[in-house]
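The values are calculated or read from the model by the stated rules, or taken from the named source; none is laboratory data. All figures in this text were calculated on a predicted structure; none of them were measured in a lab. Here Cβ is always computed from backbone atoms with ideal geometry, including for glycine, and neighbour counts include all displayed protein chains.
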Number of protein chains: 2
Amino acid sequence: MPQPIDFYFDFISPYAYLGSIGIERIAARHGRTVDWRPMLLGISVLKVMGLKAVPDTPLKGAYSDRDAVRSARFLGIPYSDAAKTQFAPLPSARAFTWLKDQDADLAKRFAQRIFAAHWGEGRDMGSAEAVADEAEALGVPRAELLAAIETDAVKQRLRAHVDASIAKGVFGAPTFIVDGEMFWGADRLDQVERWIETGGW
Amino acid sequence: MPQPIDFYFDFISPYAYLGSIGIERIAARHGRTVDWRPMLLGISVLKVMGLKAVPDTPLKGAYSDRDAVRSARFLGIPYSDAAKTQFAPLPSARAFTWLKDQDADLAKRFAQRIFAAHWGEGRDMGSAEAVADEAEALGVPRAELLAAIETDAVKQRLRAHVDASIAKGVFGAPTFIVDGEMFWGADRLDQVERWIETGGW
C-alpha cells in the first residue's frame with residue numbers, strides 16, 4: 001500500500017487551488033490517496049523566510065494576478081476574475097483543522113468547496129460566516145463550527161500543523177511530498193506524476 | 001514577419017539556463033526568433049522588489065538547489081552538481097552587452113556557451129578571465145573584451161538594459177514576452193508555446 005501524497009495548502013493561494021485539482025486527478029490516475037495538510041503562508045513566507053506576500057511585492061504582485069487566471073484558463077479550471085487575492089484564511093484553515101480531526105474525507109470536501117467558492121466563483125471566503133455556510137451545505141452544524149474555530153485548542157492545533165510543515169521544509173503552497181520527495185508549485189505536477197510513475201530520477 | 005520572442009535572462013539563474021534551451025527549441029518549431037536581453041536579479045529582486053536572493057532565503061534556498069537539478073534531469077538538459085549557485089554575473093553580463101551591440105547572433109552563442117559552461121559543466125563563470133576564455137573560443141579578442149567590460153560605457157549600457165527590463169515589469173529570470181504577453185519561469189514554456197500557437201486565451 002503506497003503512502004498518501006502529502007498536499008500542503010493555504011486557501012489564500014490561487015496556485016494551491018489549481019494544484020488541489022491537479023493532484024487529485026494525478027492521485028486518481030495512479031491509485032494513490034492525498035493527505036490534505038493546512039499551512040499558512042503568512043507564517044512561512046513572512047515570518048520564517050522574511051519575504052513579502054506576493055500581492056504586496058512590487059512587479060510580481062501584478063504579474064501573479066494575471067498569471068493565476070491565465071494558468072487556470074490554460075488548465076481548463078474555473079477561475080473568477082472577481083476572486084479577491086487578499087482575504088483572511090484563518091476561519092477556513094481553522095475549520096478545516098477542526099473537521100479533519102473528526103473526518104478527513106469530509107474535511108477534504110470542505111476544502112474543495114472553499115477553494116471552488118473563493119477562486120472558482122469569486123465569493124469571498126474570508127469570514128467565519130461564509131465558511132460556516134459552506135460547511136453547513138455539507139451537513140456540518142454551523143453553530144458548532146463557529147464555536148470550534150474560536151477555541152484555543154483549534155487555533156493551537158492549526159499552529160502545530162504550520163510548525164510541522166515548516167519543520168519539513170515546506171515554505172510555499174502548494175507543496176507536494178511524494179514518497180519522501182518534495183515539489184513546490186502547481187507547475188511541478190508534471191514532475192510529481194513522473195515521480196510516481198518512475199520512482200524518481 | 002512576427003516579432004521576436006523577448007527572452008530576459010541573468011547568468012546567475014539556473015532556471016534561466018533551462019529556459020534558454022527551451023525557448024530556442026520552441027522558437028525553432030514555430031519559425032520565430034529570440035531576442036536575448038540581459039537583466040540582473042541583484043537589482044530587480046533585491047532593490048526593486050525588496051526580497052532576498054533565492055540562495056539566501058531560508059527553506060527556499062535549499063529546495064531550489066534540489067529543484068533545479070531535478071528539473072534539468074526531467075528535461076534532459078545537462079546540469080552539473082558542481083555548479084556554484086553564487087557567483088558574480090557582471091563580467092558575463094557586461095561581455096554579453098558589449099558583444100550584442102556588435103553582433104546579436106555572436107552574443108547569443110556566447111551566452112549559450114557561458115550558460116553551458118557554468119550550469120552544464122560546473123565551471124565557474126564568475127571571473128572576467130573565465131568569461132574571456134569562452135569568448136575567445138568564439139573568436140572574440142580577449143584583451144579587447146577584458147578592456148571593454150571595464151569601461152563606463154558598457155557598465156552604463158547594461159544598467160540601461162536592466163532599467164528597461166524593470167520598466168517593462170520584468171522581475172525574474174527567465175522571463176519571456178511573446179506578442180506582448182509576459183511569462184515568468186522556465187515552467188511557463190508550455191504556456192508560451194500554446195500562446196504562440198493560438199494567439200492567446
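When B:A53 is tested against (1) buried (at least 16 other Cβ atoms within 10 Å of the Cβ); (2) within 14 Å of another protein chain (Cβ to nearest Cβ); (3) in contact with a Leu (Cβ under 7 Å, 6 or more places away or on another chain); (4) small (G, A, S), only condition (1) is not met. Contact map, the stretch A:169-189: first residue within 8 Å of another protein chain (Cβ to nearest Cβ), second residue among the acidic types (D, E) and assigned to a strand (DSSP E or B), Cβ cut-off under 9 Å, separation 6 or more or different chains; pairs are A:V170/A:D6; A:M182/A:D6.
Suppose the filter is over 28 Å from A:E134 (Cα atoms) and under 20 Å from the mean Cα position of the chain (by Cα); does A:Q156 pass it? Break it down stepwise before answering.
Values: over 28 Å from A:E134 (Cα atoms): no; under 20 Å from the mean Cα position of the chain (by Cα): yes.
No; evaluated as a whole, the condition is false for this residue.
When we screen B:R123, B:R157, B:R94, B:R109 for residues that are in a helix (DSSP H, G or I) and out of contact with any Lys or Arg (no Cβ under 9 Å at 6 or more places or on another chain), the only hit is B:R109. Here A:L99, A:L106, A:L41 are screened, and the one residue that is of a type in the set (A, V, I, L, M, F, W, C) and closer than 29 Å to B:S64 by Cα is A:L41.
Touching an Asp or Glu at 6+ places or on another chain (Cβ under 6 Å), within 24 Å of A:P55 (Cβ to Cβ), at pLDDT below 95 and not hydroxyl-bearing (S, T, Y), is that true of B:L51?
Values: touching an Asp or Glu at 6+ places or on another chain (Cβ under 6 Å): no; within 24 Å of A:P55 (Cβ to Cβ): yes; at pLDDT below 95: yes; not hydroxyl-bearing (S, T, Y): yes.
Against the criterion (touching an Asp or Glu at 6+ places or on another chain (Cβ under 6 Å), within 24 Å of A:P55 (Cβ to Cβ), at pLDDT below 95 and not hydroxyl-bearing (S, T, Y)), B:L51 does not qualify.
For the stretch A:107-116, filtering for residues that are crowded, with 20+ Cβ neighbours inside 10 Å and of a type in the set (G, A, S) leaves 2. In this structure, does A:S44 turn out to be in contact with a Phe, Trp or Tyr (Cβ under 7 Å, 6 or more places away or on another chain), farther than 27 Å from B:W201 by Cα and part of a helix (DSSP H, G or I)? Taking the combined requirement at face value, the residue satisfies it.
Only residues that are within 13 Å of the chain's Cα centre (by Cα) and farther than 10 Å from B:S92 by Cβ: list them for the stretch B:114-136, please. Within the stretch B:114-136, B:A116, B:W119 qualify.
Take A:A62 and decide whether it is at the interface with chain B (Cβ under 9 Å from one of its Cβ atoms) and assigned to a helix (DSSP H, G or I). It would help to see each step written out before you state the result.
On the way: at the interface with chain B (Cβ under 9 Å from one of its Cβ atoms): yes; assigned to a helix (DSSP H, G or I): yes.
In short, yes.
From the list B:D35, B:D81, which one is modelled with pLDDT of 95 or more and not in a helix (DSSP H, G or I)?
Numbers: B:D81 fails: modelled with pLDDT of 95 or more.
On inspection, the qualifying residue turns out to be B:D35.
All conditions in (1) surrounded by fewer than 22 Cβ atoms within 10 Å (Cβ to Cβ); (2) in a loop (DSSP other than H, G, I, E, B) hold for A:F11, with the sole exception of (1).
Only a single item in (1) modelled with pLDDT of 95 or more; (2) surrounded by fewer than 16 Cβ atoms within 10 Å (Cβ to Cβ); (3) over 22 Å from B:T175 (Cβ atoms) is not met by B:P58, and it is number (1).
Please work out if B:V34 is at the interface with another protein chain (Cβ under 10 Å from one of its Cβ atoms), among the β-branched types (V, I, T) and over 17 Å from B:E121 (Cβ atoms). Lay out the reasoning, then the answer.
Working: at the interface with another protein chain (Cβ under 10 Å from one of its Cβ atoms): no; among the β-branched types (V, I, T): yes; over 17 Å from B:E121 (Cβ atoms): yes.
No: the conditions fail for B:V34.
In this structure, does B:A104 turn out to be crowded, with 18+ Cβ neighbours inside 10 Å, closer than 19 Å to B:P38 by Cβ and among the hydrophobic types (A, V, I, L, M, F, W, C)? So that I can check it myself, show each step before the final result.
On the way: crowded, with 18+ Cβ neighbours inside 10 Å: no; closer than 19 Å to B:P38 by Cβ: yes; among the hydrophobic types (A, V, I, L, M, F, W, C): yes.
For B:A104, the condition - crowded, with 18+ Cβ neighbours inside 10 Å, closer than 19 Å to B:P38 by Cβ and among the hydrophobic types (A, V, I, L, M, F, W, C) - is not met.
Might you let me know whether the stretch A:154-165 holds any residue that is within 12 Å of chain B (Cβ to nearest Cβ), closer than 14 Å to A:I23 by Cα and of a type outside the set (A, V, I, L, M, F, W, C)? Within the stretch A:154-165, not a single residue is within 12 Å of chain B (Cβ to nearest Cβ), closer than 14 Å to A:I23 by Cα and of a type outside the set (A, V, I, L, M, F, W, C). Selection of the stretch A:39-50 for residues being facing chain B (nearest Cβ under 10 Å) and among the aliphatic types (A, V, I, L, M) yields A:V45, A:V48, A:M49. Contact map, the stretch A:85-99: first residue surrounded by 24 or more Cβ atoms within 10 Å (Cβ to Cβ), second residue among the polar types (S, T, N, Q), Cβ cut-off under 7 Å, separation 6 or more or different chains; the map is empty.
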